[in-house]
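All remarks here apply to the structure that follows.
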Amino acid sequence: MTPILSAKGLVKHYGRVTALDHCDFELYPGEVLAVIGDNGAGKSTLIKALSGAVIPDEGEIRLNGEPVRFATPHDARRAGIETVYQTLAMSPALSIADNMFMGREIRKPGFMGRVLRQLDHKEMERFAREKLNDLGLMTIQNINQPVETLSGGQRQGVAVARAAAFGSKVVILDEPTAALGVKESRRVLELIQDVRAKGIPIILISHNMPHVFEVADRVHVHRLGRRLCVIDPKNHSMSDAVAYMTGAKAPEEELNAV
Amino acid sequence: MTPILSAKGLVKHYGRVTALDHCDFELYPGEVLAVIGDNGAGKSTLIKALSGAVIPDEGEIRLNGEPVRFATPHDARRAGIETVYQTLAMSPALSIADNMFMGREIRKPGFMGRVLRQLDHKEMERFAREKLNDLGLMTIQNINQPVETLSGGQRQGVAVARAAAFGSKVVILDEPTAALGVKESRRVLELIQDVRAKGIPIILISHNMPHVFEVADRVHVHRLGRRLCVIDPKNHSMSDAVAYMTGAKAPEEELNAV
Amino acid sequence: QDEDILACIVTKTDTNPFFVKMREGASQAAEELGMTLNSYAGTVDGDHESQVDAIETCIASGAAGILLTASDTSAIVSSVQQARDAGILVIALDTPLDPVDAADATFATDNFLAGELIGEWAAATMGDGAADAHIAFLDLNVSQPTVGVLRDQGFMQGFGIDIGDPNRYGDEDDPRIVGHDVTQGNEEGGRTAMENLLTQDPMIDVVYTINEPAAAGAYEALRAIGRENDVLIVSVDGGCPGVQNVADGVIGATSQQYPLDMARLGIEAIHQYATDGTLPQPTEGKDFTDTGVQLVTDAPVDAVESISAEEGQDLCWG
Amino acid sequence: MTGESDYETSVRERRTETPAEFGSRRAGLMTRVQNTLHATPALVPLIVLIASIAIFGLLIGDRFFSPFSLTLVLQQVQIVGIVAAAQSLVILTAGIDLSVGAITVLSSVVMGQFAFRYGIPVPLALACGLGCGALCGAINGTLVAKMKLPPFIVTLGTWQVFLATNYLYSRNETIRAQDIQAEASLLQLFGAKFQIGGAVFTVGVVFMVVLVLGLAWILRSTAWGRHVYAVGDDAEAAQLSGVNADRTLIGVYTLAGLICGFAGWALIGRIGSVSPTSAYEANIESITAVVIGGISLFGGRGSILGTLFGALIVGVFSLGLRLMGADAQWTYFFIGVLIIAAVAVDQWIRKVSA
Amino acid sequence: MTGESDYETSVRERRTETPAEFGSRRAGLMTRVQNTLHATPALVPLIVLIASIAIFGLLIGDRFFSPFSLTLVLQQVQIVGIVAAAQSLVILTAGIDLSVGAITVLSSVVMGQFAFRYGIPVPLALACGLGCGALCGAINGTLVAKMKLPPFIVTLGTWQVFLATNYLYSRNETIRAQDIQAEASLLQLFGAKFQIGGAVFTVGVVFMVVLVLGLAWILRSTAWGRHVYAVGDDAEAAQLSGVNADRTLIGVYTLAGLICGFAGWALIGRIGSVSPTSAYEANIESITAVVIGGISLFGGRGSILGTLFGALIVGVFSLGLRLMGADAQWTYFFIGVLIIAAVAVDQWIRKVSA
Ligand SMILES: Nc1ncnc2c1ncn2[C@@H]1O[C@H](COP(=O)(O)OP(=O)(O)OP(=O)(O)O)[C@@H](O)[C@H]1O
Ligand SMILES: Nc1ncnc2c1ncn2[C@@H]1O[C@H](COP(=O)(O)OP(=O)(O)OP(=O)(O)O)[C@@H](O)[C@H]1O
Ligand SMILES: O[C@@H]1[C@H](O)[C@H](O)CO[C@H]1O
Ligand SMILES: [Mg+2]
Ligand SMILES: [Mg+2]
């Protein structure tokens, strides 16, 4: 099976810091791949490189086996890769609907839309409401309220819903539950399972081991800017995972392959 | 036993939102009190009111039984209450030492210090290094490097170390491990125990139930802007706590008292 | 060896066509005499510090002489003294210094006189109507620089208005004055100021303007309400567009000055001084060399001497 | 799954829940007013505008409160109004454009000189002038977006560059209204008048109003408009959500430059002639209008309609104070006070998060 | 403890660890240069300054590269230098002060008019002038800190208010140098000259240098100085860490006003007289110096020494271009280019996080 998204030898420097140090990566169709690692290990930089938010200094990225170059996050989105960044990437003053459709707005049919490029606000609102309800994430009272009036949890929910609604090939979630309460985290885990059920593979970055071991099919352990090993959560304990990622224990050779 | 820090009937409105709704609160000497609750329940607002960062619209705060009014965080600091806010409150461009001593700088002895108010950079650096080492939190290479060059975990470490070093009466930690990895979280829990061992009471806000139940002596459950109940972690399960805070179960009457 | 003679010209601004022409006149004369010329200017009228900087630069570069139109006639005196102490010939152009003898020589028009001429012409043209005229004053800017005050007060004097304190306007109590407004000396300001004063009193029949661009703007405002033919506009400067406007009936009369002459005379004086040390002599009976002001109008009146617009064209400078 | 505790059981089964509701505060009248104003940002300057017209109308009477005077205000603010529309776009992206006045006057000079100095056909000369404005804007935009320089500094620099170019190129020559009228009257198009009752309108005034309404529509109803707000709100977030932030920025500055080109055309209409010393204070005046109109200097918030009201407020104040006999210096003083007061009111309203 | 899994065991016992080390990149020469420059922000403008002195020295020769000319630059930048020191303080707090020029000239007018119009003893008149500066600054500071209004808008408003007050109060009267010399020569103190070789210094120049060095010391070595940086870096964080942000801000604006008062005194020394039309462009010139000196307009970063170098760079450019006979408009043109270039270099250097 060829990986749907893969990377080889990614390198990214920030001034004197090497955030990615010849890092490899593979995501297979239909799987939930968790990426775990210490703070500053380079996890966010890796997924930024995969989603066009950062241009790696070296290395190659392949989508369905074809080499690709994403110059902007927009390029990656067009290729069907949807990402929820650690910082959420929302425009606080704009509405929920505006945010969900940012960069892929729906235009009105006919003259107004084609020539004057008028947006179809009604249709976008309908779609946004439907997606939020479909996913059963939460009851948003007013689809036009600015995102800044939402609580942290609701905001994260909107970001995740956006990714789930538009991600046709890959959905990437960077610490989607970091600031969330117990109940809110639960809903996100359910959502991940819903998305996988649709056959779309997911990359999940999280520091929460129980969550990782609950939903992941494979776990990519990231350390010092590169992939240390990939483990199967069914054959390994959380203790093993933590030991590998903190450097307390070295992984056995064969673990490096799938 | 009188509580060291207590509040009665705190109310805080933000526009149409009521963040605190006649909330009561007590912290007893030497204990670790955990505050748990859903996103947006009003936990951060509560501790901001206790630490002078927010002025409540109504209600009374008492320190050692005496009513107090903190107009600024500086007032609370002078009274010995140290807080690590959810947002960390660091000046990214300034050094670690500058940040640790912000607002309570040490002046040189003699004329230069008393009349010209010159700072004693050497002494501050020595003290900062000592505190960071004492707490065994991490090895900081250069006490003069700007905070913005630290990783998220190191930053949180500095904030916690500052609070632990200067808090003489109360230390407040608002989600100190939210962005931290497994190892880094562990160090913060150890630090909390170190501080308690010195006899200083701690307020800990966290969404991480295992952590809460590991270190807390009592758990204040916050719901809809007020204290729902206080539970003893030795007599209650995490499931109970989660059920109370999400409203799945109502607490029994007697739980409201200690 | 004449190339070694360096002259400086320092004007109030280099955006006003008046000074542009002055510089042109100076560089022409300098070229004819084989001298080098450096020119400096302030950013806005009244920008005194830039002129101080410029004089210092001329001292540093070892100039033989400086031609200066001072933004602040008394404040500049210390810098001028410094230059003269360094053996530099300083000639005031267009605007006499305060005191006049602070400069080695002065080639100037009298701005007060320029105002007076148009004031007298306006009064004479209106005849009996002058007694209940409605006069609008379109001045330079809120900082009331001296040229503006001198022309404004000169006009009043010529028209027969008690000017009170001659160093500022706005303190008069003659009921014929509708009001003062500022124009920044350009068309846009002239139009807006005229509109403002017209709303205040639609019966305005005499308009004093600081310069010809302001007059052109005022005319647009009058034309917009169809009153361009029953209002007298007077102005100062005598630049070619301005004189053309007199010919076209936009401006009734303007006081023409001769910046090209001033500059040419100034450069010649510096050349003379640098070659044999002779100092220029003032016009007989005056403490400066008057390069003259003439009233340009196609509707001459007996009381005031004037030249026609056609004659004005030959002498104009813009 | 290894070693996971089951404390999450109570949140595992989804229960039908209503979203958390806090006790809604009994809103006082003041709070309700604040909330309404908060929801519609252009309302504040509109109210201030109506109030100032009413007050000056009462104080001064018919001389002020007449169709003639009121439409005069429109004519007097048209240049600043058009330039402020350009400035609004830039400020919505959290930028600022100090070079607007310089672009305006340079464009008008290019139109005039191309027609008169080189004898280029007037429509072509006009197109060159507009192109010049757009080019200047594109230079600003490129420096801001591609070189990541702060807009304040970029436009502080280009302000001086464009203005010096204007003086050097024009040789400080004015082209007279009479000559333009005779040979190139199209340049004065924006000055053409028509009357409705006592009210006098010009093509320039109509252009200003149509421009602002058009931009308001674009900002609200097109993807590009939403992107402008998103970039101003949080450029990085917008970029990450798939907006091409650089292209949006360059587009905004270029469009702003083009609008300034139109302002240059309107300027010829208003003053009749082409004069290189015009529009000197347009940068400060346009920023003032934007700010009084309630657009945040931090970007992403506010409505361009507010800018139009802001420009009109300043116009009403200037004319009103003048009619009351305040001299120019006092007018200057009161406009200063007005700026601070207008923003203080705005800030008070914004304190209420809806 | 209920139901906690033990997956954290491996991190429970503390092991001696070295902090995570990434492979250090082999730094190229360019990168090393960038890093050094990054660590010492005032170094960039210093290098630009030295380079421009060298270039003009080569181009012009002795007329430029002489003690007389080089100290002349100092005299010519003294007012802007002093005002820019005030501006630096404000910009370090992430603010901006557009009213500095107005405060400067108003203070100098108060000094002059108090002494001449009311016959108040000169030292007292001086104190009143300085007090006036501080008061203006305090008004700005209070509006910014207490009413939370954006500094740009506050000082845009007070600029007009202070300037109008200046014109109204002074009645546009200049007090002549001769009169001041005769009756109140203390007002001209800052103009007093002394010579060392060919180099000419004035009290004003010495004041400027001492002021900048003093402020640099205060900013680095006192708690107040650290608070200024902290407030500019992140006002809310500073407030939460126990800094009284409001008091710091009011202090900064008041001190800036007081320094402008001194600039007003120095202005009298420089031009001899008291003229209400002076210092008209001081706001833009001071911001230019600060920006070229490498202080970030976003606050919290940069060194006040850089500002002094920034002012000197502009001074060297202006004098150099003038000595080369470039006309004024070309000088503006090049200063515009210089602003953008200086900041582009600075930005390039800042890209490297140390
Ligand atoms: N924009 C940037 N500029 C400079 N350094 C950066 C930047 N982004 C990341 N880094 C550095 O790169 C390294 C990897 O960062 P990254 O954010 O990828 O870590 P992470 O694994 O996502 O950590 P966390 O778990 O805390 O989110 C860190 O040392 C970080 O300081
Ligand atoms: N500065 C503010 N302005 C407006 N609303 C606010 C502000 N701060 C908090 N709120 C609102 O007050 C309520 C309580 O917020 P608070 O931050 O105290 O919640 P919390 O319990 O700390 O939540 P979390 O677990 O997400 O940190 C929320 O609805 C929030 O949106
Ligand atoms: O005479 C000149 C010009 O006409 C200008 O309008 C202002 O300055 C004066 O000295
Ligand atoms: Mg990360
Ligand atoms: Mg919180």
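The values are calculated or read from the model by the stated rules, or taken from the named source; none is laboratory data. Please read all numbers here as calculations on a predicted model, not as lab measurements. We place every Cβ from the backbone using ideal geometry, glycine too, and count neighbours over all the protein chains shown. For the accessible areas, the whole protein counts, side chains as well, though only heavy atoms, and no ligand, DNA or RNA atoms are used. Shrake-Rupley method; radii C 1.70, N 1.55, O 1.52, S 1.80 Å.
Quick one: pull the percentage of alpha-carbon pairs in the range C:1-55 with a separation above 12 Å. Taking all Cα-Cα pairs of the range C:1-55, the fraction more than 12 Å apart is 63 percent. For the range C:49-172, the solvent-accessible area works out to 27 Å² per residue, with a probe of 1.4 Å and every protein chain left in place. Here the accessible area is traced with a 1.4 Å probe on the protein chains. For the protein assembly as shown, carbon and sulfur cover 57 percent of it.
In the context of the full set of protein chains, chain D has a per residue accessible area of 36 Å² (1.4 Å probe). Per the Debye formula on identical point scatterers at the alpha carbon atoms of the range D:215-260, with no solvent, log10 I(q)/I(0) at q = 0.14 Å⁻¹ is -0.30. Which one of E:GLY251, E:GLY300, E:GLY325 has the biggest mean-square fluctuation once chain E is modelled by GNM with Cα springs under 10 Å? Among E:GLY251, E:GLY300, E:GLY325, the largest mean-square fluctuation in the Gaussian network model of chain E belongs to E:GLY325. Chain D contacts chain E over a buried accessible area of about 3600 Å², both sides summed; the probe is 1.4 Å and only protein chains count. A Förster distance of 45 Å, applied to the separation of the beta-carbon atoms of A:ASN144 and B:ASP75, puts the FRET efficiency at 0.65. Once C-alpha pairs closer than 8 Å and six or more residues apart are averaged by separation and normalised to the residue number of the range E:119-252, the relative contact order reads 25 percent. Over the range A:58-185, the ratio between the Cα radius of gyration and 2.2 N^0.38 Å evaluates to 1.15.
The residues neighbouring B:ARG117, those whose beta-carbon lies less than 10 Å from its own, together hold a net charge of +2 under the Lys/Arg +1, Asp/Glu -1 convention. Whole-percent P(r), the range A:41-130, all Cα pairs, 10 Å bins from 0: 15, 35, 29, 18, 3, 0. Computed from the alpha carbon atoms alone, the convex hull of chain C holds 119 Å³ per residue. The Cα center of the range D:104-170 and the Cα center of the range E:294-324 differ in position by 27 Å. Among beta bridges identified by DSSP and lying wholly in the protein assembly as shown, the antiparallel ones come to about 45 percent.
Along its first, second and third principal axes, ordered by size, the protein assembly as shown spans 114, 76, 66 Å in Cα coordinates. Ordered from largest to smallest accessible area (heavy atoms of protein chains, 1.4 Å probe), the residues E:ARG322, D:ARG63, B:ARG104, D:ARG171 come out as D:ARG171, D:ARG63, B:ARG104, E:ARG322.
Here the calculated FRET efficiency for D:MET147 and B:GLU190, from their Cβ-Cβ distance with R0 = 51 Å, stands at 0.60, rounded to the nearest 0.05. GNM on chain D, alpha-carbon springs under 10 angstrom: the most fluctuating residue among D:LEU305, D:LEU338, D:LEU98 is D:LEU338. In the calculated pair-distance distribution of the range E:114-261, the portion above 23 angstrom amounts to 52 percent of the Cα-Cα pairs. Principal-axis analysis of the Cα atoms of chain C puts helix C:146-159 at an angle of about 40° to the longest axis.
With helices defined as uninterrupted DSSP H runs, which ones in chain D have an alpha carbon span along their own long axis of at least 20 Å and mean Kyte-Doolittle hydropathy of at least 0.5? Correct list, ordered by number: D:43-60, D:67-92, D:100-116, D:122-145, D:151-170, D:203-221, D:245-271, D:304-323, D:328-350. Just to verify a number: what accessible area does C:THR125 come out at with the full protein assembly present, 1.4 Å probe, Å² rounded to tens? About 60 Å², ignoring ligands and nucleic acids. Among A:GLY103, A:GLY15, A:GLY181, the largest mean-square fluctuation in a Gaussian network model of chain A (Cα springs under 10 Å) belongs to A:GLY15.
With every protein chain in place and a 1.4 angstrom probe, the accessible-area ranking of A:HIS222, B:HIS207, largest first, reads B:HIS207, A:HIS222.
From the Kirkwood radius over Cα pairs of the range D:86-136, Stokes-Einstein at 25 °C and 0.890 mPa s returns a whole-number translational diffusion coefficient of 212 µm²/s.
The slack between B:ASP232 and B:GLU60, meaning 0.36 nm per residue of separation minus the straight C-alpha distance, is 59.4 nm. For chain D, the relative contact order is 32 percent, taking Cα pairs closer than 8 Å that sit 6 or more residues apart in sequence and dividing their mean separation by the residue count. Using C-alpha pairs under 8 Å with a sequence gap of at least 6, the mean separation divided by the residue count of the range C:5-163 gives a relative contact order of 19 percent. Rounded, prolate or oblate for chain E? Axes are the square roots of the Cα gyration tensor eigenvalues, ordered a ≥ b ≥ c, and the cut-off for rounded is a/c under 1.5. Oblate. Within the range E:52-91, the proportion of Cα pairs with more than 14 Å between them is 57 percent.
Classified by the C-alpha gyration tensor, chain B has a prolate form. Its axis ratio a/c, with a ≥ b ≥ c, is 1.5 or above, and a/b is larger than b/c.
Among the listed pairs B:LYS12/B:LYS249; A:LYS131/D:LYS148; A:LYS183/A:LYS234; A:LYS48/B:LYS122; A:LYS234/B:LYS198, a Cα-Cα separation exceeding 32 Å is found for A:LYS131/D:LYS148; A:LYS48/B:LYS122; A:LYS234/B:LYS198. Classified by the C-alpha gyration tensor, the range D:141-224 has an oblate form. Its axis ratio a/c, with a ≥ b ≥ c, is 1.5 or above, and a/b does not exceed b/c.
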